[in-house]
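Student: Would you mind keeping the following structure in view while I ask a few things?
The values are calculated or read from the model by the stated rules, or taken from the named source; none is laboratory data. On a predicted model such as this, the values are computed, not experimentally measured, just so you know. All Cβ positions, glycine included, derive from the backbone under ideal geometry; neighbour counts span all protein chains shown.
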Amino acid sequence: MMRAPRLLPLWLGASLLSRGLAAQATDSVPPERLAARQWYRDAKFGMFIHWGVYSLLGQGEWVMQNREIPVGPYEWLAGTFNPIKFDAREWVSVAKAAGVRYITITSRHHDGFSMFATKATRYNIVDWTPFKRDPLKELADECHRQGLKLFFYYSQLDWHHPDYWPRGGTGHKTGRPENGDWSRYLDFLDSQLTELLTNYGPIGGIWFDGMWDKPSPDADWRLPRTYALIHRLQPAALIVPNHHQAPLPGEDVQTFEQDLPGANTAGFNTEEIGRLPLETSLTMNDSWGFNITDRRYKSVPELIRYLVKAAGRDANLLLNIGPRPDGTIPPEAEERLRELGRWLTTYGGSIYGTRRGPISPRDWGVTTERGDTVFVHVLDWPDRVLALPTLGARVVGARMFATGERVEVKQSETGVVLTLPAGRQTSGAEDPDRVVVLTVEARRK
Ligand code: H79
């Protein structure tokens, strides 16, 4: 009884210190959003779309910055954007064939051009271009028809808006006046977010990018106010911030750009993994926006393995495509998406709706699980025989996922030895993931 008063302040102190944990506590998150997070964890696979004025130049979405294009010439370029072959039904059909459960599309990238109908600026696809249509509206309606969730990528960084001032790390060569009103800029963001959360029906959430251009606390991004606005307008919408830091209050997903969670090969991701749902965003070649000379496409087996490795780390894979300025999807990208979908038609049961399994990622592969079923994904292992550490429960059945062939199991106190059927010695291009299904005795969790 005497200990309680001393423990309480200690616990309070610790929770105040650990902002990350406080940010991820579930007590203040309403049930709609908790349910949306669970849906998101189950979804596992999304399609990222980078598409905008920059697509016209075929040099990626950073072309304005990289080639130091001033605002004036870029505005002229924007006036020529006319993607006459854009067909929302076609895009969503490709996404469905790929087996993704959601689409995340650029509503406005760093170039500051709005790809949707907005009253906050004339610099948008409806008012500024001969196209005059709102592709995000067409896409939202089609996603609702075909049962996919739609998320909006939204850039907090802006290379065009005069009030993006003081400037951050980029956007210095666009010829804007050296002054501006930061709070007016943030009002502009909030008014556009209000439109995105009001005019497109229920959306999956907002994927924020570019805050790293002006890191807080030097810059006040008014996040609490903006996040509260989003949560008020759509209580089930998730906030997915790509600020490369540990999660902040109000956020729902921790996303890792071009990296599996915790693996900071890109050089700008945090290695701190929190308790929120996780996501890895990945380019299919080396570019986000359409790049006409980038032929470094990842192979289908590579992409399958990325999806599987993400699932084994509890993360979704958000796989990017950069459609062309006429509105068509590059054939190299479409082919790969369809192949992934074919693979998922067979193996989706070992991915969708799973969580990372009882064995943490290994050099040979990963595990996922659903209920009392553990999926052993043998990605990179030359032998038929594979030794696993103990799963914490007795294995009562083992077979190959795709064929149902029996897998021999020997178990002891220290682990489980599997012998895979003959004829499938290596996980190669033909068979990028040898999936073994283990049924285990009910475990306590
Ligand atoms: O939309 C795609 C990219 O355009 C955008 N995010 C993806 C999803 C992106 N822009 N830059 N990056 C990703 C890489 C980030 C590089 C950074 Fe830096 C390193 C940000 C901060 C340090 C270099 C220095 C670029 C800005 C400052």
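Student: Test GLU138 against the criterion of being buried (at least 16 other Cβ atoms within 10 Å of the Cβ), of a type in the set (Asp, Glu) and over 19 Å from HIS50 (Cα atoms), and give yes or no. Spell out the reasoning first.
Tutor: Values: buried (at least 16 other Cβ atoms within 10 Å of the Cβ): yes; of a type in the set (Asp, Glu): yes; over 19 Å from HIS50 (Cα atoms): no.
Spelling it out, it is not the case that GLU138 is buried (at least 16 other Cβ atoms within 10 Å of the Cβ), of a type in the set (Asp, Glu) and over 19 Å from HIS50 (Cα atoms).
Student: Could you please find all residues in region 340-368 being in a loop (DSSP other than H, G, I, E, B) and closer than 19 Å to ALA393 by Cα?
Tutor: Here is the first cut: in region 340-368, the ones in a loop (DSSP other than H, G, I, E, B) are 351-354, 357-364.
Matches in region 340-368: THR354, GLY357, PRO358, ILE359, SER360, PRO361.
Student: Looking at GLU257 and the list (1) touching a strand residue (DSSP E or B) at 6+ places or on another chain (Cβ under 7 Å); (2) buried (at least 19 other Cβ atoms within 10 Å of the Cβ), which single condition is not satisfied?
Tutor: In the conditions (1) touching a strand residue (DSSP E or B) at 6+ places or on another chain (Cβ under 7 Å); (2) buried (at least 19 other Cβ atoms within 10 Å of the Cβ), GLU257 misses (2) alone.
Student: Which of (1) within 16 Å of the ligand (Cβ to nearest atom); (2) touching a strand residue (DSSP E or B) at 6+ places or on another chain (Cβ under 6 Å); (3) of a type in the set (Val, Ile, Thr); (4) part of a loop (DSSP other than H, G, I, E, B) is the odd one out, the single condition THR106 does not satisfy?
Tutor: Answer for THR106: the failing condition is (4).
Student: Just one of TYR306, TYR297 is of a type in the set (Phe, Trp, Tyr) and more than 25 Å from ASP252 (Cα to Cα); which is it? First the steps, then the outcome.
Tutor: Working: TYR306 fails: more than 25 Å from ASP252 (Cα to Cα).
Matching residue, one of TYR306, TYR297: TYR297.
Student: Something else: Take region 370-405 and flag every residue that is surrounded by 20 or more Cβ atoms within 10 Å (Cβ to Cβ) and assigned to a strand (DSSP E or B).
Tutor: If the condition is that a residue be surrounded by 20 or more Cβ atoms within 10 Å (Cβ to Cβ) and assigned to a strand (DSSP E or B), then VAL374, PHE375, VAL376, HIS377, VAL378, LEU388, ALA398 are the ones that fit.
Student: Taking the options GLU430, GLU334, name whichever one is free of Cβ contacts under 8 Å to residues at least 40 places away in the same chain and surrounded by fewer than 21 Cβ atoms within 10 Å (Cβ to Cβ).
Tutor: Working: GLU334 fails: free of Cβ contacts under 8 Å to residues at least 40 places away in the same chain.
After applying the criteria, what remains is GLU430.
Student: Going through TRP364, TRP343, TRP381 one at a time, which residue ends up being more than 30 Å from ASN82 (Cα to Cα), touching a Phe, Trp or Tyr at 6+ places or on another chain (Cβ under 6 Å) and modelled with pLDDT of 95 or more?
Tutor: Working: TRP343 fails: touching a Phe, Trp or Tyr at 6+ places or on another chain (Cβ under 6 Å); TRP381 fails: modelled with pLDDT of 95 or more.
So the residue among TRP364, TRP343, TRP381 that is more than 30 Å from ASN82 (Cα to Cα), touching a Phe, Trp or Tyr at 6+ places or on another chain (Cβ under 6 Å) and modelled with pLDDT of 95 or more is TRP364.
Student: Go through region 407-421 and give me each residue that's surrounded by fewer than 13 Cβ atoms within 10 Å (Cβ to Cβ) and either polar (S, T, N, Q) or under 17 Å from THR439 (Cβ atoms) (or both).
Tutor: So the first thing to find is which residues in region 407-421 are surrounded by fewer than 13 Cβ atoms within 10 Å (Cβ to Cβ), and the list is 408, 410, 412-414.
Listed by number, the residues that qualify are GLU408, LYS410, SER412, THR414.
Student: Quick one: count up the residues across region 160-192 that are of a type outside the set (A, V, I, L, M, F, W, C), touching a helix residue (DSSP H, G or I) at 6+ places or on another chain (Cβ under 7 Å) and surrounded by 13 or more Cβ atoms within 10 Å (Cβ to Cβ). Break it down stepwise before answering.
Tutor: Residues of region 160-192 that are of a type outside the set (A, V, I, L, M, F, W, C), as a first pass: 160-164, 166-181, 183-185, 187, 190-192.
Now narrow it down to the ones that are touching a helix residue (DSSP H, G or I) at 6+ places or on another chain (Cβ under 7 Å): 160-161, 163-164, 168-171, 174-176, 190.
Of the ones still in play, those that are also surrounded by 13 or more Cβ atoms within 10 Å (Cβ to Cβ) are 160-161, 163-164, 168, 170-171, 174, 176, 190.
Total satisfying the criteria: 10.
Student: Out of the residues in region 194-213 meeting the condition of being over 16 Å from HIS243 (Cβ atoms), free of Cβ contacts under 8 Å to residues at least 60 places away in the same chain and under 21 Å from the mean Cα position of the chain (by Cα), tell me which one is nearest to the ligand (Cβ to nearest atom). Spell out how you get there, then give the answer.
Tutor: Keep residues of region 194-213 that are over 16 Å from HIS243 (Cβ atoms), which gives 194-204.
Filter again for free of Cβ contacts under 8 Å to residues at least 60 places away in the same chain, leaving 194, 197-198, 202.
In the following step, the residues that additionally are under 21 Å from the mean Cα position of the chain (by Cα) were identified as 197, 202.
On the way: LEU197: 20, PRO202: 24 Å.
Selected residue: LEU197.
Student: From the list ASP190, ASP141, pick out the single residue that is touching a residue at least 12 places away in the same chain (Cβ under 8 Å), more than 16 Å from the ligand (Cβ to nearest atom), over 21 Å from TRP39 (Cα atoms) and not in a loop (DSSP other than H, G, I, E, B). Can you show your working first?
Tutor: Working: ASP141 fails: over 21 Å from TRP39 (Cα atoms).
Exactly one residue qualifies, and that residue is ASP190.
Student: Pull up region 272-295, narrow it to residues that are in a loop (DSSP other than H, G, I, E, B) and within 15 Å of the ligand (Cβ to nearest atom), then point me to the one that is surrounded by the fewest Cβ atoms within 10 Å (Cβ to Cβ). Walk me through it before giving the result.
Tutor: Of all residues in region 272-295, those in a loop (DSSP other than H, G, I, E, B) come to 272-277, 284-290, 292-295.
Narrowing the set further to residues that are within 15 Å of the ligand (Cβ to nearest atom) leaves 284-290, 294.
Numbers: MET284: 23, ASN285: 18, ASP286: 13, SER287: 20, TRP288: 27, GLY289: 27, PHE290: 26, ASP294: 19.
Here the answer is ASP286.
Student: Moving on to the next point. Taking the conditions exactly as written (in contact (Cβ under 8 Å) with a residue 12 or more places away in the chain and either buried (at least 22 other Cβ atoms within 10 Å of the Cβ) or more than 16 Å from the ligand (Cβ to nearest atom) (or both)), does ARG362 satisfy them or not? Break it down stepwise before answering.
Tutor: Working: in contact (Cβ under 8 Å) with a residue 12 or more places away in the chain: no; either buried (at least 22 other Cβ atoms within 10 Å of the Cβ) or more than 16 Å from the ligand (Cβ to nearest atom) (or both): yes.
Spelling it out, it is not the case that ARG362 is in contact (Cβ under 8 Å) with a residue 12 or more places away in the chain and either buried (at least 22 other Cβ atoms within 10 Å of the Cβ) or more than 16 Å from the ligand (Cβ to nearest atom) (or both).
Student: Restricting to region 119-130, give me the number of residues that are in contact (Cβ under 8 Å) with a residue 24 or more places away in the chain, surrounded by fewer than 16 Cβ atoms within 10 Å (Cβ to Cβ) and under 17 Å from ALA78 (Cα atoms). Spell out the reasoning first.
Tutor: If we filter region 119-130 for residues that are in contact (Cβ under 8 Å) with a residue 24 or more places away in the chain, which is where we start, we get 119-121, 123, 125, 128-130.
Subset that is surrounded by fewer than 16 Cβ atoms within 10 Å (Cβ to Cβ): 119, 130.
Filter again for under 17 Å from ALA78 (Cα atoms), leaving 130.
Residues in region 119-130 being in contact (Cβ under 8 Å) with a residue 24 or more places away in the chain, surrounded by fewer than 16 Cβ atoms within 10 Å (Cβ to Cβ) and under 17 Å from ALA78 (Cα atoms): 1 in total.
Student: Among the residues of region 206-244, count how many are among the basic types (Lys, Arg) and in a loop (DSSP other than H, G, I, E, B).
Tutor: From region 206-244, those among the basic types (Lys, Arg) are 214, 222, 225, 232; that's our starting set.
Checking the rest, the ones that are also in a loop (DSSP other than H, G, I, E, B) come to 214, 222.
Result for region 206-244: 2.
Student: In region 57-94, which residue that is within 30 Å of GLN146 (Cβ to Cβ) and within 16 Å of the ligand (Cβ to nearest atom) is surrounded by the most Cβ atoms within 10 Å (Cβ to Cβ)? First the steps, then the outcome.
Tutor: Narrowing region 57-94 to residues within 30 Å of GLN146 (Cβ to Cβ): 58, 60-61, 78, 81-94.
Now drop any that are not within 16 Å of the ligand (Cβ to nearest atom), which leaves 58, 60-61.
Details: GLY58: 17, GLY60: 21, GLU61: 25.
Per the stated criteria, the residue is GLU61.
Student: Another question, then. Filter region 252-265 for residues that are in a loop (DSSP other than H, G, I, E, B) and under 14 Å from ASP209 (Cβ atoms); which is nearest to the ligand (Cβ to nearest atom)? Walk me through it before giving the result.
Tutor: Narrowing region 252-265 to residues in a loop (DSSP other than H, G, I, E, B): 252-253, 258-265.
Filter again for under 14 Å from ASP209 (Cβ atoms), leaving 253, 258.
Numbers: VAL253: 14, GLN258: 8 Å.
Within region 252-265, the match that is nearest to the ligand (Cβ to nearest atom) is GLN258.
Student: Can I ask one more? Quick check on region 316-328. Is at least one of its residues touching a helix residue (DSSP H, G or I) at 6+ places or on another chain (Cβ under 8 Å), of a type in the set (Gly, Ala, Ser) and part of a helix (DSSP H, G or I)?
Tutor: no
Student: Here's something else I'd like to know. Pull out all pairs, ordered by first then second residue, where Cβ-Cβ is under 8 Å, the residues are six or more apart or on different chains, the first lies in region 219-244 and is aromatic (Phe, Trp, Tyr), and the second is buried (at least 17 other Cβ atoms within 10 Å of the Cβ).
Tutor: Partner pairs satisfying both residue conditions: TRP221/GLN156; TRP221/LEU186; TRP221/MET211; TRP221/LYS214; TYR227/ILE239; TYR227/GLY250; TYR227/GLU251.
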